[in-house]
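Step one of this worksheet: look at the structure below.
The values are calculated or read from the model by the stated rules, or taken from the named source; none is laboratory data. Since this is a predicted model, take the numbers as computed values, not measurements. Cβ sites come from the backbone with ideal geometry, for glycine too, and all protein chains shown count toward neighbours. Side chains are part of the model used for accessible areas, which takes the heavy atoms of the whole protein and leaves out ligands, DNA and RNA. Shrake-Rupley method; radii C 1.70, N 1.55, O 1.52, S 1.80 Å.
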Amino acid sequence: MTTQSDDYGRHNLFEDSGYHDAVDGGTALSEPEDRLGYDEGRTPQWHGGLSFGLLIMRLVLGGTLGAHGLQKVFGLWGGPGISEFSRILGDQGYTSQLTVLSWVGGVTEIAGGALLIFGLFTPAAAAALLSVTANAVYLKYQAGFFLGSGGGFEYHLVLGGIALALLFTGPGGISIDTNTPWRHRPVPFGIVGLILAAGAVVAVTFLFRR
């Protein structure tokens, strides 16, 4: 019976999935990247649907926030430009170094968006955009969840959720980061990126809102 099961390929199926390693005390099933073909010393396997889905997420998040950054810095597409954006930040409760903060916010969106679109230094780009969107959620929290006339935080929450997801999934196969450590093992880099993003939000709040 065992031989017949092997003939139908069941033994090979368990072997490829890491089942035997898990039973013997290995860590194959504890490393989700291994099940996706991420293994030390070899190129990650191609997973067309997953890679394409992650590309869409990167394009949506990077393109959207990158465009907003161009509005803030250069005033493109009817955007405010640095001077007007500084005034808006003042209306939102920021009281210190408004011009500097305007440049930092705009450039972060432009650079982070561009890097994310190309899939380059993805953890750093996703963490930077997560910090921007998390800060926006913090500012709009009192206005409620829905956008409406009060300008709730639902829109920024969605963008922040995409950035957070990309921190822990990695960029996918359609990216410049294909053979980097953060593509092979995205979770440790995602944790570091999450900590840095949280630190950036705290720093901006305490340094520029006083």
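Treating each Cα of the stretch 77-195 as an identical point scatterer and ignoring solvent, apply the Debye formula and state log10 I(q)/I(0) at q = 0.13, 0.15, 0.19, 0.22 Å⁻¹. Log-scaled intensity ratios, in q order: -0.58, -0.74, -1.03, -1.19.
Working from Cα pairs under 8 Å separated by at least six residues, relative contact order for the stretch 76-174 is 21 percent.
Determine which residues of the stretch 48-81 fall in the zone a paramagnetic label at VAL107 would reach in this model, i.e. backbone nitrogen under 18 Å from the point 7 Å along Cα→Cβ. Of the residues in the stretch 48-81, 66-76, 81 have backbone N under 18 Å from the label point off VAL107.
With the highest mean first, a sort of the peptides 53-59, 142-148, 162-168 on other beta-carbon atoms found within 10 angstrom per residue produces 162-168, 53-59, 142-148.
Considering the zone a paramagnetic label at ILE88 would reach in this model (a point 7 Å from Cα along the Cα-to-Cβ line), which residues of the stretch 181-210 have amide N under 11 Å from it? Zone members listed by number: none at all. For the pair PHE145 and LEU207, the difference between a 0.36 nm per residue extended length and the Cα-Cα distance amounts to 19.7 nm.
Solvent exposure of the stretch 113-155, expressed per residue, is 49 Å² of accessible area, with all protein chains present and a 1.4 angstrom probe.
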